[in-house]
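J.: Quick one: structure below, then a few questions.
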Amino acid sequence: MLVRAGRRCSTVNVTFKHLHAFVAVAEEGSFTRAARRLALSQPALTIQITQFEEELGVRLFDRTTRRVLLTDNGAEFLPTARRLLEDVNSAIAEVRDVAARRRGRVGVATLPSVSVKLMPQMVAAFRQDYPGVSVQLVDANASGVQARVRRKEVDFGIASRWTPDDDLNFETVMRDPFHVVCRRDHPLAQATGTLSWDDLAGQEFLGLAPDTGIRPLIESVPDLPANVRQPPVEVSNIATLEGMLIAGLGITVLPELALPEDPEGRLIARPLQGPSVSRALCLITRRGRSLSPAAQSLRDLIVSRLADGPVAYPNV
């Protein structure tokens with residue numbers, strides 16, 4: 001057992017320089033060789049060992065003119081000192097790996113349409129640059145994305161702004177224009193020129209539920225036809241909406257990223273103007289909080305890619 005002699009201190013002013021000095025002298029068996037190993041002068045090393053012994057209240061070495069030997073207390077403490085240094089060096093290496101993006105994890109909450117249409121190529125590019133960093137994607141609606149960012153379940157989110165939130169920062173990274181979607185045999189598909197909101201009046205309109213991020217944007221359009229403002233059919237997800245469109249139950253309006261994939265070409269999307277409406281997609285972070293190095297790199301990649309122009313993705 002390590003025995004303390006002399007005074008007892010309520011706090012111990014020991015640094016890792018003291019531990020390094022102690023281990024070096026113990027392993028070298030010489031102050032001269034230990035000083036050379038640590039790139040210190042011998043007097044400086046002697047001062048560090050003396051300070052260490054005074055702080056511990058025990059003698060760690062017996063010194064003679066020819067030899068430096070560990071005392072019983074020093075021999076007992078040596079394995080602990082080595083383990084402490086190994087633990088600290090390991091922890092420092094882990095932090096440096098995270099800082100250098102050699103390891104780590106990034107969590108991102110996104111709208112399902114963003115996960116399907118944008119994130120695959122973003123994650124592929126990021127993983128090519130940082131193969132040691134894992135990426136976790138979480139699908140949620142706009143309110144769910146905000147909630148996950150606020151609760152610190154993810155590093156950042158990508159969605160339209162659901163409600164104002166002073167704890168979050170919203171950075172618009174792209175605008176997603178709305179289109180009319182219908183079957184290819186629908187009369188609106190055959191019309192020439194651009195479609196307006198007035199063209200939707202009297203049509204069997206298929207709407208999304210009010211708790212989706214798309215519905216409030218549609219309702220913000222002035223002088224909206226009654227059948228669009230209060231759709232006779234409402235669904236809660238895009239997959240159901242796609243099935244109804246293919247079945248010929250009606251038409252709908254969706255932002256471009258949310259357009260259903262239709263490899264058989266049964267549906268068509270037409271640009272919508274008069275007025276032109278788009279969904280602002282925001283990169284959402286916690287206000288006043290820094291991102292981890294890996295999360296910052298993924299965030300920068302996404303912003304840069306979207307700033308370069310339109311992103312190619314499959315749609316109808």
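Only the coordinates and a few stated rules stand behind these numbers; no lab work does. These figures come from a predicted structure and were not determined experimentally. Every residue, glycine among them, receives a Cβ derived from its backbone with ideal geometry; neighbour counts consider all protein chains shown.
J.: Can you tell which of 285, 252 is of a type in the set (Ser, Thr, Tyr), touching a helix residue (DSSP H, G or I) at 6+ places or on another chain (Cβ under 9 Å) and farther than 19 Å from residue 178 by Cβ?
T.: Exactly one of 285, 252 is of a type in the set (Ser, Thr, Tyr), touching a helix residue (DSSP H, G or I) at 6+ places or on another chain (Cβ under 9 Å) and farther than 19 Å from residue 178 by Cβ, namely 285.
J.: Tell me, which residue of the range 237-255 that is surrounded by fewer than 20 Cβ atoms within 10 Å (Cβ to Cβ) and not hydrophobic (A, V, I, L, M, F, W, C) is nearest to residue 203 (Cα to Cα)?
T.: 248
J.: Report yes if some residue within the range 264-272 is outside any strand (DSSP E or B) and surrounded by 13 or more Cβ atoms within 10 Å (Cβ to Cβ); otherwise report no. Walk me through it before giving the result.
T.: So the first thing to find is which residues in the range 264-272 are outside any strand (DSSP E or B), and the list is 264-266.
Checking which are surrounded by 13 or more Cβ atoms within 10 Å (Cβ to Cβ) leaves us with 266.
So far as the range 264-272 goes, yes, one or more of its residues are outside any strand (DSSP E or B) and surrounded by 13 or more Cβ atoms within 10 Å (Cβ to Cβ).
J.: Still on this structure, I have one more. Take the range 25-48 and flag every residue that is more than 16 Å from residue 81 (Cα to Cα) and either assigned to a strand (DSSP E or B) or polar (S, T, N, Q) (or both).
T.: Correct list: 30, 32, 41, 42, 46.
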